[in-house]
Amino acid sequence: MPQRTGSSYFHLHLVSDATGETLTTVARAATAQYTKVSAVEHIYPLVRTQKQLDRVLAEIEESPGIVLYTLLDDVLLQRLENHCRELSLPCLSILGPVLQLLQSYLGTETSHRVGAQHTLNADYFKRIDALNYTMLHDDGQHLEGLEEADVVLVGVSRTSKTPTSIYLANRGVKTGNVPVVPGVEISRHVEQLSRPLVVGL
């Protein structure tokens, strides 16, 4: 397993088939114990199909690091683990050890319900709606729908537009983000926005 020495940061990939809130909370509680290095978070919520996992695996390969996940689909998690093994990257299920302990002690199997820890109330559905919207309007996609956003982030490459968007979406804020390319005019869809708060990064 490769070790990062002498570096002030490392990549941390968080893969979830639900909102990713549980996974993110656990990961941040752990990484907070290491004050000399910073985690560059790559958060992937609602990963439930092979196509969605394709994107995740490509980003992991592009920015190798630690992979933590909460996936209950055996096919998806096996593929994720195999890919990480091929890249010699650490890969760990956050809920796996706890579920195995409970199963052993209680003598019964898990129900494999995705996101079962969340109460199905209005706030939960608001977060899911915000996440769906945010993923659909990531990186300048579907500009015609930005008027429905609560917040629109605008900035050049590498200004953490996507991670910030996912963070806000996890709190129920519909967020779109649009890249700014030097020498290229900003789309009229952005210039004509009246409802959302537009923030430059």
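For every residue, the table says whether it meets (1) surrounded by 17 or more Cβ atoms within 10 Å (Cβ to Cβ); (2) part of a loop (DSSP other than H, G, I, E, B).
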position: Y69; (1), (2): yes, no
position: Q78; (1), (2): no, no
position: C84; (1), (2): yes, no
position: S88; (1), (2): no, yes
position: L92; (1), (2): no, no
position: L102; (1), (2): no, no
position: Y105; (1), (2): no, no
Check: On the given criteria, is L23 within 16 Å of L92 (Cβ to Cβ), assigned to a loop (DSSP other than H, G, I, E, B) and not acidic (D, E)?
Finding: no
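Would you call R158 under 26 Å from L23 (Cα atoms) and part of a loop (DSSP other than H, G, I, E, B)? Write out each step before concluding.
Values: under 26 Å from L23 (Cα atoms): yes; part of a loop (DSSP other than H, G, I, E, B): yes.
Here the answer is yes, as R158 does meet what is asked.
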Check: Which one is surrounded by the fewest Cβ atoms within 10 Å (Cβ to Cβ), of the residues in the range 20-35 that are within 14 Å of L71 (Cα to Cα) and of a type in the set (V, I, T)?
Finding: T22
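Quick check, is E61 touching a strand residue (DSSP E or B) at 6+ places or on another chain (Cβ under 9 Å), in a helix (DSSP H, G or I), assigned by TED's automatic domain parsing to the domain that holds R28 and charged (D, E, K, R)? Give the derivation first.
Details: touching a strand residue (DSSP E or B) at 6+ places or on another chain (Cβ under 9 Å): no; in a helix (DSSP H, G or I): yes; assigned by TED's automatic domain parsing to the domain that holds R28: yes; charged (D, E, K, R): yes.
When the stated conditions are applied, E61 does not pass them.
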Notebook entry, point to check: Take the residues of the range 38-60 that are more than 11 Å from V15 (Cβ to Cβ) and hydrophobic (A, V, I, L, M, F, W, C): which is nearest to the chain's Cα centre (by Cα)?
Noted result: V40
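The values are calculated or read from the model by the stated rules, or taken from the named source; none is laboratory data. In this text the structure is predicted, and so the values were computed from the model without any measurement. Note that each Cβ is placed from the backbone with ideal geometry, even for glycine, and that neighbours are counted across all protein chains shown.
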